[in-house]
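Rule-based calculations on the coordinates, nothing more; no lab input. None of these values were measured; they are calculated from a predicted model. Neighbour counts run over all protein chains shown; Cβ positions are idealised from the backbone, glycine included.
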Amino acid sequence: MLMPVLVLAFGPVEAVPIMTIAAILANLGRILAWWREVDWRACAAYAATGAPCAALGALTLLALPARIIEAALGAFFLAMVPVRRALAARALALRPAHLAGAGVPIGYLTGIAVSTGPITAPLFLAAGLAKGAFLGTEAAATLAVYLAKAAVFRGFGALPLDILLKGLATGSTLTAGAFLARRFVIRMSAERFRRVMEALMLVSGTVLLAAAAFGE
């Protein structure tokens with residue numbers, strides 16, 4: 001939900017590092033909110049390959065034109081809806097070894113596409129996780145990915161003080177939101193949760209593709 005707003009407000013070049021810093025704080029908030037339900041084995045399997053590949057993806061991202069970034073983000077978001085449904089239709093139950101293997105391409109794509117949630121959602125949902133377990137485990141697994149990306153941005157001068165402050169301000173509200181949303185997620189059925197995720201992916205993808213097509 002937030003990524004299209006940041007792209008429209010600051011442009012994709014600034015939105016990417018802002019979202020990275022904000023996501024670090026947001027993931028910390030979700031980990032704390034769902035600590036007891038985190039699947040640490042699944043988390044470690046994905047992060048072991050996802051983090052270094054995300055660093056490589058972030059290096060690629062720094063060299064891409066702004067419109068390509070917007071279009072890539074939108075395409076990834078929209079593509080993840082049928083991917084998740086295809087995995088669910090085949091009743092595939094992913095194991096830690098599968099998560100580690102998927103961490104290579106998805107970690108790299110996450111380095112480019114910024115928002116790990118919509119990209120990794122089908123993966124962790126296919127691992128049998130839902131609601132609090134999904135939110136906590138996905139947050140813990142991708143925290144390492146965002147830290148790797150932040151290190152790359154910092155090393156290449158893409159995290160000046162003003163961008164860092166914008167990211168911290170945005171992230172603080174996301175952290176608070178993780179705790180406010182907890183009671184709503186607890187009441188939600190697993191299927192309804194998945195449908196809400198899909199709706200968010202469709203809206204985000206459409207907005208970003210429109211920005212790439214009609215922006216200056």
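Note down the nm distance, to one decimal, between modelled labels 7 Å out along Cα→Cβ at Ala176 and at Thr206.
That separation, rounded to one decimal, is 3.0 nm.
Determine the shape class of region 158-210: with a ≥ b ≥ c the square roots of the Cα gyration tensor eigenvalues, call it rounded for a/c under 1.5, and otherwise prolate if a/b is greater than b/c, oblate otherwise.
Oblate, because a/c is 1.5 or more while a/b does not exceed b/c.
By how many nm would the segment from Leu56 to Phe156 lengthen if fully extended, with 0.36 nm per residue of separation less the alpha-carbon distance?
34.7 nm
Please give the Cα centre distance for region 171-216 versus region 18-55, rounded to the nearest Å.
The two parts, judged by their Cα centres, are 17 Å apart.
Along the three principal axes, how long is region 99-216 when you take its alpha carbons, biggest first, rounded to the nearest angstrom?
Projected onto its principal axes, the Cα set of region 99-216 covers 43, 34, 32 Å.
Taking the Cα centre as origin and putting +1 on Lys and Arg beta-carbons and -1 on Asp and Glu beta-carbons, what dipole magnitude results for the chain, to the nearest 20 debye?
With Lys and Arg at +1 and Asp and Glu at -1, about 720 debye.
Quote the FRET efficiency, to the nearest 0.05, computed for Trp35 versus Phe214 with a Förster distance R0 of 35 Å and r equal to the Cβ-Cβ distance.
The computed FRET efficiency comes out at 0.25.
Per DSSP helix of 4 or more residues, -39500 (n - 2.57); summed, then divided by the residues of the chain. What does that give at 222 nm, rounded to the nearest 500?
That calculation yields -28500 deg cm²/dmol at 222 nm.
What residue among Leu32, Phe193, Leu168 has its Cα farthest toward the positive end of the dipole of region 2-214, where the charges are +1 on Lys, Arg and -1 on Asp, Glu, each on the Cβ?
Most positive-ward Cα: Phe193.
Write down Rg/Rh for the chain, rounded to two decimals, with Rg from the C-alpha atoms and Rh from the Kirkwood relation over Cα pairs.
0.94
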